[in-house]
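To start, the structure under review is shown below, and the notes come after it.
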Amino acid sequence: MAFNVTKQRNFWWTVSALLTIGSILAMVISWFTIQAPLRPSLDFVGGTRIQIELACAKKNTCEKPLTTAEVQVILDEEGLGNSSVQVLDKYTLSVRTKTLAEEQRTKLLDTLNEKIGTFDPETSQIDTVGPTIGQELFRSGFLALLVSFFGIAAYLSFRFQRDYAFFAIVALFHDVLITVGVFAVLGLIAGVEVDSLFLVSLLTIVGFSVNDTVVIYDRVRENFVNTPELSVDEIVDNAVSQTLTRSINTTLTTLLPLVAIFLFGGTTLKYFALALIIGFVAGAYSSIFIASTLLAWWRGRSNRSKAVQA
């Protein structure tokens, strides 16, 4: 029995439209709030990041958790009022500020130890990235994403036809935009930052999504040849039905290890896995419900126009 995906195309398109509009709104709000569509990490903006944990946390003897307010007061006194402060797991402090020399870092750490409490030097992490390197990382990652889109468009135009390629690219933009939108929301609500791994995740999402779309498009093309007597909608519905099990199984088996990484991995891998989870789910959805239905709508419209002209 065929899965009539084209019959409810307006519903699928509405869901995607709401998600993409929500993503765009989240990025706009983020832009007006932090002057960036996403909260950038040290990888992109440069500066110094200090992450330290109270020594009492290991022994579970801390009297009270850290607060951003008390840390911000100290930073203001040190002339670092524009710094970003986050409290992680109640007793771990993350401070991102302008690039600090070694003497400045030492002075700041001494002040924090004196006014807040003793921090464990063994668990402290200090990273410094120059602004030029950060900008170069962003440019390189963004360029790689653009090249991948153009490469995919060229490949699909060669393997199939231009309308196939166009709607596949629309689906890819849909997947990337939703992933970026979710992280824009996380950046505003939870202070989640995006780093160079986030760009890697977007490239991975693009590759996964286009592979799923190609499988469906390949079956659509075969059905056009094997069952020309059927309508365009019926041909696309049959193609989706014939590949649906494969699409679902591939997505689920890919998501299982990603969910494990998200739940049990470190902080860096946690958000990398989350980006992939969001993107892969969006990619499976767009391949089945967006790329295929858009192609069916366009081909049906083109056929009707040709019939009228004849």
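The values are calculated or read from the model by the stated rules, or taken from the named source; none is laboratory data. Just so it is clear, the model here is predicted, and its values are computed rather than measured. With ideal geometry, Cβ positions are generated from the backbone for all residues, glycine too; neighbour counts draw on all protein chains shown.
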Residue match in segment 46-54 (condition: modelled with pLDDT under 85 and surrounded by fewer than 15 Cβ atoms within 10 Å (Cβ to Cβ)): no
Any chance Tyr217 is at negative phi, modelled with pLDDT of 95 or more and hydroxyl-bearing (Ser, Thr, Tyr): no
Lone unmet requirement of (1) at negative phi; (2) not assigned by TED's automatic domain parsing to the domain that holds Thr293 for Phe149: (2)
Segment 224-237: number of residues that are assigned to a helix (DSSP H, G or I) and either outside the structural domain of Ile288 (by TED's automatic domain parsing) or surrounded by fewer than 19 Cβ atoms within 10 Å (Cβ to Cβ) (or both): 4
Number of positions in segment 220-278 that are at pLDDT below 90 and acidic (Asp, Glu): 1
Filter pass, Gln125 being touching a residue at least 24 places away in the same chain (Cβ under 8 Å), over 18 Å from Ile74 (Cβ atoms) and of a type outside the set (A, V, I, L, M, F, W, C): yes
The listed residue being under 21 Å from the mean Cα position of the chain (by Cα) and farther than 30 Å from Ser140 by Cβ, out of Leu18, Leu42, Leu25: Leu18
Residue satisfying condition, being among the hydrophobic types (A, V, I, L, M, F, W, C), within 27 Å of Gly151 (Cβ to Cβ), in contact with a Leu (Cβ under 8 Å, 6 or more places away or on another chain) and in a helix (DSSP H, G or I), within set Leu202, Leu295, Leu255: Leu202
Check on Val206, in contact with a Lys or Arg (Cβ under 7 Å, 6 or more places away or on another chain), under 21 Å from Thr293 (Cβ atoms) and touching a residue at least 60 places away in the same chain (Cβ under 8 Å): no
Verdict on Ile29 being assigned to a helix (DSSP H, G or I) and either farther than 30 Å from Ile178 by Cα or among the acidic types (Asp, Glu) (or both): no
Matching residues, segment 2-18, being free of Cβ contacts under 8 Å to residues at least 12 places away in the same chain and not in a helix (DSSP H, G or I): Gln8
Matching entry among Gln104, Gln125 (being more than 34 Å from the chain's Cα centre (by Cα), within 15 Å of Gly47 (Cα to Cα) and not assigned by TED's automatic domain parsing to the domain that holds Ile34): Gln104
Residue match in segment 83-97 (condition: without any contact (Cβ under 8 Å) to a residue 60 or more places away in the chain, more than 17 Å from Glu53 (Cβ to Cβ) and touching a helix residue (DSSP H, G or I) at 6+ places or on another chain (Cβ under 7 Å)): yes
Any hit, segment 207-214, residues being assigned by TED's automatic domain parsing to the domain that holds Ser286, charged (D, E, K, R) and loosely packed, with under 15 Cβ neighbours inside 10 Å: no
All positions within segment 157-171 that are free of Cβ contacts under 8 Å to residues at least 60 places away in the same chain and part of a helix (DSSP H, G or I): Ser157, Phe158, Arg159, Arg162, Ala165, Phe166, Ile169
Conditions (1) closer than 21 Å to Gly283 by Cα; (2) in contact with a strand residue (DSSP E or B) (Cβ under 9 Å, 6 or more places away or on another chain): number failed by Phe198: (2)
